[in-house]
1. Please find, in a Gaussian network model of the chain (springs between Cα atoms separated by less than 10 Å), the residue of 227, 81, 28 whose mean-square fluctuation is greatest.
2. Work out, step by step, the length gained on full extension between residue 105 and residue 189: first 0.36 nm times the residue separation, then minus their alpha carbon distance; give nm to one decimal.
3. With mean projected area of the Cα convex hull in nm² as the read-out, I listed (i) 13.1; (ii) 20.2; (iii) 14.1; which label goes with the value calculated from this structure?
4. Would you mind checking the tilt of helix 153-174 against the longest principal axis of the Cα atoms of the chain, expressed as 0 to 90 degrees and rounded to 10?
5. If r is the Cβ-Cβ distance from residue 96 to residue 248 and R0 is 22 Å, what FRET efficiency results, to the nearest 0.05?
6. What FRET efficiency comes out for the pair residue 238/residue 175, r = Cβ-Cβ distance, R0 = 25 Å, nearest 0.05?
7. Helix-only mean residue ellipticity at 222 nm, the chain, DSSP H runs n ≥ 4 weighted -39,500 (n - 2.57), per residue, nearest 500. What is it?
8. Need one number: % antiparallel among DSSP beta bridges in the chain, to the nearest 5.
């Protein structure tokens, strides 16, 4: 299914890319289901979307609460059959500069939100969308899904897992009439990027990133990744001999500040 979409769910809608995508789809005769953890920021996003003419329902939920999330999604879908689901919620943490590795709880927290949270967002609506024979699921991963980086191993693992999960769903759901889009963006301005201490090569404006992603979704693209020089660089590091890829990655150092 391609645009126009009239019933849309976006997770991670309280700020950053999720809020921008929610605003981009807000329009009269459109029902938006918005999910985020920060109640105040989520309310601001919902108010902005409503001002644009959309009907909005929002829920301050953590995507790691699978039962509550599934119940809300099923209720929303029952009233407004979902045509577009954007699994965008995510966090980025990382080890401190002097740590030898990343603490297990840091890695597992990112996997719980970025991978398991996305699965718990997508799985409840796969059945209803397939029964209706239409719809599109969007999984927002990262260029970090292409090659692990030494300063945020948990984040890379979670996004690589999400990319693989969504890529596996695509051919399976296509026979039901449901499309799957995998988004692997590079750096763009956002609250997450604001916490990044280190180089941000080929940084995009957040509005430009949201426009590019929306355009790709509306055209029914299977993959959306940008900017191409950085995407090709990450892919090269993945297919090159490990000694070369590792040497390149060792030179790309950064640290994620606490929120």
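1. 28
2. Difference between extended and current length: 27.5 nm.
3. Correct label, based on the coordinates given: (i).
4. Roughly 40 degrees between the two axes.
5. The formula returns an efficiency of 0.45 here.
6. In this case the efficiency is close to 0.25.
7. Estimated from H runs of four or more residues: -14500 deg cm²/dmol.
8. The answer is about 5 percent antiparallel.
Just so you know, all these numbers are worked out from the coordinates, no wet-lab data involved. Nothing here was measured: the structure is a model prediction, and the numbers come from that model. Cβ sites come from the backbone with ideal geometry, for glycine too, and all protein chains shown count toward neighbours.
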